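The values are calculated or read from the model by the stated rules, or taken from the named source; none is laboratory data. Since the model is a prediction, treat every value here as computed from it, not as a measurement. Backbone-built Cβ (ideal geometry, glycine too); neighbour counts: all protein chains shown. Ligands, DNA and RNA are stripped out before the accessible areas are found, and what is left, the full protein with its side chains, is counted by its heavy atoms. Shrake-Rupley method; radii C 1.70, N 1.55, O 1.52, S 1.80 Å.
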Protein chains: 2
Amino acid sequence: MILEPNEFEMKHTVTYYECDPTGIVTPGMLINMVVLVSEKQSEALNIGTQVVNDNGGGWVITNYEIDITNLPKIDEVVVLGTRATSYNRYFAFREFWVRDQDGHEFAHIKGMFVFMDFASRKMARIPAAIIDPYHSVSVKRIPRITNPAVIAADEATDNNQYRVRYFDIDSNHHVNNAHYFDWMLDVLGADFLKTHLLKKMKIKYEREIRYGQMVTSVASKPQVDVPTNQLTTKHQIMVDDVITTQADCQWITRS
Amino acid sequence: MILEPNEFEMKHTVTYYECDPTGIVTPGMLINMVVLVSEKQSEALNIGTQVVNDNGGGWVITNYEIDITNLPKIDEVVVLGTRATSYNRYFAFREFWVRDQDGHEFAHIKGMFVFMDFASRKMARIPAAIIDPYHSVSVKRIPRITNPAVIAADEATDNNQYRVRYFDIDSNHHVNNAHYFDWMLDVLGADFLKTHLLKKMKIKYEREIRYGQMVTSVASKPQVDVPTNQLTTKHQIMVDDVITTQADCQWITRS
C-alpha cells in the first residue's frame, strides 16, 4: 500500500489478552490499537504528547464513528493505519483503519478531535505547530460525525455501576478509552454479547471521567429499529446523574 | 542469547494501554505478556490449548512468584522468555522472564501448573503427550514456590467489591489473570500506587472465579514487616466469604 503524506501505518500482532471470550478483538482494544498508531504517527512527526502539552494544551476526542466488517482474531497480524484527513480552526478530523496484510479492511473509524487549552480548560484554536506537520488538509467545512441516538424516556433500560480504578487510568493520565466500551457493552450481558457481532458504533464524549468516580452505565434493551430494520442498543455513561458519554450500536446475529 | 531446548523467547513492544498512569507496565499486563510467550512456545511445539484439551483437560496455574527489578516502560522493545524447567507426575514448574535486548532482566517469574481433568474437575497425572515436547526435566522433587502470607485476624484492612465482567473473560474462557492483579492492587489506592514500586509478589490460586460473580478484594494496610524491614501488603479475593486467591507483595518507595 502506498501511503499519502498524511498517512501512517504499523503492524501489530493481536494478543490473547486483547480478545473477548470468543477470540476476537474487543471493541475497546480496537480503539486502543488505532489510538496507538496515531500516537506513533505523531511521534514520528515530532509532535507527540510532550510537544502538544508544550503548546499549552492537549488533544481531546469528541466523537468516534466505528464501522466494523469483521473483527481480527487472536494471533492475527494486522496493519493499523491512520490518516490526518482534514482540519479547520477548531476541529481535526482523523480516520483510522485496521486491515489484513492483503489490504482487506476489518474496521474503519472516524474521529473528531479538539484542542483543549490547559489554562482555560476550554477548547481553543488548534496551534499551527501541532497540526501543520501532519499534512492534513485545511478546510472550511469539516466532515460531520453524526451524534449517537439518545435513550428515550420510555425505553426499557438496564444499568450497572462501575468504579473508576487506578489501572483504568493510562499513561495519558485519562481513563483509558477501552474502559468506556467495556462499561457500555458489559451491561448487555454475556448471553447477548456471545451471540451478536458489533457492526457500527457511534460515541460522543461530553465530560471527562476521573479516578475514583462511580459511573452508571445505562443501556437500552436491544430493539429492532423500525425504519432501518437494524438491531440497535443505546448507551449512556452517567456520573452523579450527569451524562458524560453517549453511544449507540448496531448489531447482527452471529452465524 | 543461546536458548536451551526447553526455552522460548519472543520480542514485544510495550503499548501505552499496557502501562499504568506513570508509564510503566502494570503487574497484570506483565503476567499477560509472559503467559503469551508460554502459549507461543506451546503452539510452536504443537501442544497448544486445543491439543491439551484433546488430552482430556487443561493446564491450571496454582502459584506465581514474581520478582521485579524494574518494570518496562511504554514503547520499550522487550524480550519475553519462558523455560519449561521441570516436572513430576502432578506438577509442572515453569520460569518466565522479561528482559531488554542486552539481556538485563526486568522481571523473573516462577509458576506452578497442574493438569485439571475435565471429567473429574480434579487435578490428574500430566499426560506424557503434552509434557514431553517441552524438553522439561523430569524430577522427583519439584522446586517449591512458597505460599503468600495470610492476613491475620487483627490486621487492619481495606476492601473493594468488583463484578466479574464479560470482557474480563479472555479467549481461554477464564477470568484473565490481569484482573486478579488489578482487583488486588486497586484496593491500595492511587496515592500508594503512585508512590511505590512493586518488587515482589506471591500469588496462590485456590478456586476459580466465574463471570457475573461479585468478588471482594481485601488488602491489609501497608506495614513494615519487623524481621525483614520490608514494606508489605497482603491480599485476598473472596467470593461469598470463601477465599479464592491469596497474595502478598513487597514494595519500595519510588525515588
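Want the number for B:N147 to B:T228: 0.36 nm per residue separation, take away the alpha-carbon distance, what's left? It would help to have the intermediate numbers written out before the result.
Details: separation 81, 0.36 × 81 = 29.16 nm, distance 1.71 nm.
Gain on extension, B:N147 to B:T228, equals 27.4 nm.
Pick from B:T49, B:T85, B:T216: which residue has the top mean-square fluctuation in a GNM of chain B where Cα pairs under 10 Å get a spring?
Ranking B:T49, B:T85, B:T216 by mean-square fluctuation puts B:T49 first.
Shortest first and in nm to one decimal, what separations exist between B:E4 and its copies in the other chains, measuring from label points 7 Å along the Cα-to-beta-carbon line?
Those label-point separations list as 5.5 nm.
Give me the percent relative contact order of chain A, please, defined on Cα pairs under 8 angstrom at least 6 residues apart.
Details: 539 pairs, mean separation 48.0, N = 255.
Computed value for chain A: 19 percent relative contact order.
So what are the ³J(HN,Hα) numbers for region B:69-80, from phi and the Karplus equation (6.51, -1.76, 1.60; θ = phi - 60°), rounded to whole Hz, Gly and Pro as x?
8, 7, 8, x, 9, 3, 6, 5, 8, 10, 9, 9
Accessible area of region B:127-247 with a 1.4 Å probe: how many percent of it is carbon plus sulfur? Could the numbers behind the result be given before it?
On the way: 2910 of 5880 Å².
Carbon with sulfur: 50 percent of the solvent-accessible area.
Under the convention of a label 7 Å out along Cα→Cβ, give the distances in nm from B:R144 to the same position in every other copy, shortest first.
Reported distances to equivalent positions: 7.2 nm.
Counting only trypsin sites (Lys or Arg not before Pro) that sit in a DSSP loop (anything but H, G, I, E, B) with at most 16 other Cβ atoms within 10 Å, what is the longest stretch of chain A containing none of them? Walk me through the intermediate numbers first.
On the way: sites that count: A:R89, A:R121, A:K122, A:R125, A:K140, A:R141, A:R144, A:R207, A:R210, A:R254.
Excluding the exposed sites themselves, the longest stretch runs over A:1-88.
For chain A, modelled as a GNM with alpha-carbon contacts under 10 angstrom, which of A:M33, A:M116, A:M201 fluctuates the most?
In the Gaussian network model the winner is A:M116.
Considering only the other residues whose Cβ falls under 12 Å of the Cβ of A:G57, what net charge follows from Lys and Arg at +1 and Asp and Glu at -1? All intermediate terms of the calculation are to be shown ahead of the outcome.
Working: positive: A:R121, A:K122, A:R125; negative: A:D54, A:D117.
Counting the neighbours of A:G57, the net charge comes to +1.
Please work out the Cα center distance from region A:39-67 to region A:79-138, rounded to the nearest Å.
Rounded to whole Å, the Cα centres lie 8 Å apart.
Let me check against my output: what whole-number percent is the relative contact order of region B:7-138, with C-alpha pairs under 8 Å and at least 6 apart? Let's see the in-between values first.
Numbers: 257 pairs, mean separation 37.6, N = 132.
That works out to 28 percent.
Please list, in chain and number order, the residues 5+ apart from B:T244 or on another chain whose amide H is under 5 Å from its amide H, with Hs placed from the backbone.
B:I237, B:M238, B:V239
Could you state the principal axis extents of the C-alpha atoms in region B:98-255, from the largest down, to the nearest angstrom?
Principal axes ranked by extent give 48, 43, 31 Å for the Cα atoms.
Taking the Cα atoms of region A:1-105, what is the range of coordinates along each of the three principal axes, in descending order and whole Å?
43, 29, 23
Distances from B:T228 to the same residue in each other copy, label points 7 Å out along Cα→Cβ, in nm, shortest first?
5.7
So, counting K/R as plus one and D/E as minus one, what does the shell of residues with Cβ under 9 Å around B:N88 add up to?
Working: positive: B:R89, B:K140, B:R141; negative: none.
Counting the neighbours of B:N88, the net charge comes to +3.
Name the residues of region B:190-207 whose accessible area, probed at 1.4 Å, falls by at least 30 Å² once all protein chains are in place instead of their chain on its own?
Buried by 30 Å² or more upon assembly, which counts only protein chains, are B:A190, B:L193.
What accessible area, summed over both chains, is buried at the A-B interface (1.4 Å probe, Å², nearest 100)? Working shown, then result.
Values: alone 13470 and 13470 Å², together 23060 Å².
About 3900 Å² of accessible surface is lost on pairing.
Give me the distance between the Cα centres of region A:215-246 and region B:190-252, rounded to whole Å.
Taking the Cα centre of each part, region A:215-246 and region B:190-252 sit 36 Å apart.
Using helices alone, what [θ] at 222 nm do you get for the protein assembly as shown, with -39,500 (n - 2.57) per DSSP H run of 4 or more residues, divided over all residues and rounded to the nearest 500?
On the way: 8 runs with 80 residues, N = 510.
Helix contribution divided over all residues of the protein assembly as shown: -4500 deg cm²/dmol.
In square angstrom, what is the accessible area per residue of region A:66-164 with a 1.4 angstrom probe? Please list the in-between numbers first.
On the way: 5170 Å² over 99 residues.
Accessible area per residue: 52 Å².
Which links in B:K199/B:K234; A:K122/A:K204; B:K40/B:K204; A:K73/A:K199; B:K73/B:K199; B:K40/B:K110 stretch past 19 Å when you go from one Cα to the other? If you can, show how the numbers build up before the last one.
Values: B:K199/B:K234 14 Å; A:K122/A:K204 17 Å; B:K40/B:K204 24 Å; A:K73/A:K199 16 Å; B:K73/B:K199 16 Å; B:K40/B:K110 17 Å.
Violating the 19 Å Cα-Cα cut-off are B:K40/B:K204.
Starting at the first residue of region A:103-111, write each ³J(HN,Hα) from the Karplus equation 6.51 cos²θ - 1.76 cosθ + 1.60 with θ = phi - 60°, in whole Hz, x for Gly and Pro.
x, 6, 7, 7, 7, 10, 10, 10, x
Kirkwood hydrodynamic radius, computed over distinct alpha-carbon pairs, for the protein assembly as shown: how many Å, to one decimal? Mind dumping the intermediate values first?
On the way: mean 1/r = 0.0410 Å⁻¹.
The answer is 24.4 Å.
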